[in-house]
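Some notes on the structure that comes next.
The values are calculated or read from the model by the stated rules, or taken from the named source; none is laboratory data. None of the values given here were measured: they were computed from a predicted structure. As a convention, Cβ positions derive from the backbone with ideal geometry for all residues, glycine included, and neighbour counts pool all protein chains shown.
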């Protein structure tokens, strides 16, 4: 794991005896996209919260650029790691520009008053996320896809080394899913942004990620190339249903489909 942007070693955390993440180890290289997949209650969101220090591990270690995550101040962490949650929750009717400028707070000294550099970085982030034309609109008036892109723009304004996304396409229709996937690909390929992406959508994760990490019941089941991780027998054992895996004729990536049970009398 030496030389990795992020290194996780024997990570453990539990919720009062109801759930436990145990012995999770992996590394994430700079410029890589890692997709984290698994069934409900596998530990995916818990992992995001541990990596962003919302939760503190009971055991194990998280290293960011070789330094223990626990030793970084909140401000120093926010300069390196940005999180895009499943849903954007706002207490006040901010505009998109105001929302994105919030991402500059970790770079402020003392009381935060935006300067020319902050506005320039925010504009670049809005341009990259495709929401510059929405800058003066209230966030509450945006569509689901637009809100998600605005949330990503706020994260980009932090100028992070690592972007953590928790189900970024949940509740979005196909067109908006495509917009978010296209945006993440551009950020990764053209900006070199390192991304850890949690998703229930196996096919989306397989299409966008360089590697997949499969969790089940708080344990790491498999990590590697999407074609290696998305093995039919492994998926059936983890998800408890019959699946079929084939290769996409367009991208060559694996595509997972469910064997739907036949109806009675059919």
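Okay, here's what the table says:
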| quantity | calculated |
| --- | --- |
| Residue in region 214-222 that is in contact (Cβ under 8 Å) with a residue 24 or more places away in the chain, within 16 Å of the chain's Cα centre (by Cα) and either outside the structural domain of residue 12 (by TED's automatic domain parsing) or crowded, with 18+ Cβ neighbours inside 10 Å (or both) present | yes |
| Test for residue 254: is it within 23 Å of residue 178 (Cα to Cα) and in the same structural domain as residue 31 (by TED's automatic domain parsing) | no |
| In region 242-266, the residues that are touching a strand residue (DSSP E or B) at 6+ places or on another chain (Cβ under 6 Å) and in a loop (DSSP other than H, G, I, E, B) | 248 |
| Test set (1) closer than 16 Å to residue 41 by Cβ; (2) surrounded by fewer than 23 Cβ atoms within 10 Å (Cβ to Cβ); (3) at pLDDT 95 or above - residue 200 fails condition number | (3) |
| Test: residue in region 96-117 that is touching a residue at least 24 places away in the same chain (Cβ under 8 Å), crowded, with 17+ Cβ neighbours inside 10 Å and in a loop (DSSP other than H, G, I, E, B) | no |
| Residue check for residue 46: in contact (Cβ under 8 Å) with a residue 12 or more places away in the chain and crowded, with 21+ Cβ neighbours inside 10 Å | yes |
| Sole residue being farther than 17 Å from residue 199 by Cβ, crowded, with 17+ Cβ neighbours inside 10 Å, assigned by TED's automatic domain parsing to the domain that holds residue 222 and touching a helix residue (DSSP H, G or I) at 6+ places or on another chain (Cβ under 6 Å), chosen from 6, 21, 11 | 21 |
| Residues located in region 140-158, provided they are surrounded by fewer than 17 Cβ atoms within 10 Å (Cβ to Cβ) and either in contact (Cβ under 8 Å) with a residue 40 or more places away in the chain or within 15 Å of the chain's Cα centre (by Cα) (or both) | 140 |
| Members of region 126-139 that are in a helix (DSSP H, G or I) and buried (at least 19 other Cβ atoms within 10 Å of the Cβ) | 126, 128, 129, 134, 139 |
| Set 156, 165: member being within 30 Å of residue 10 (Cα to Cα) and in the same structural domain as residue 122 (by TED's automatic domain parsing) | 156 |
| Matching residues, region 163-203, being closer than 20 Å to residue 258 by Cα, touching a residue at least 60 places away in the same chain (Cβ under 8 Å) and in a helix (DSSP H, G or I) | 202 |
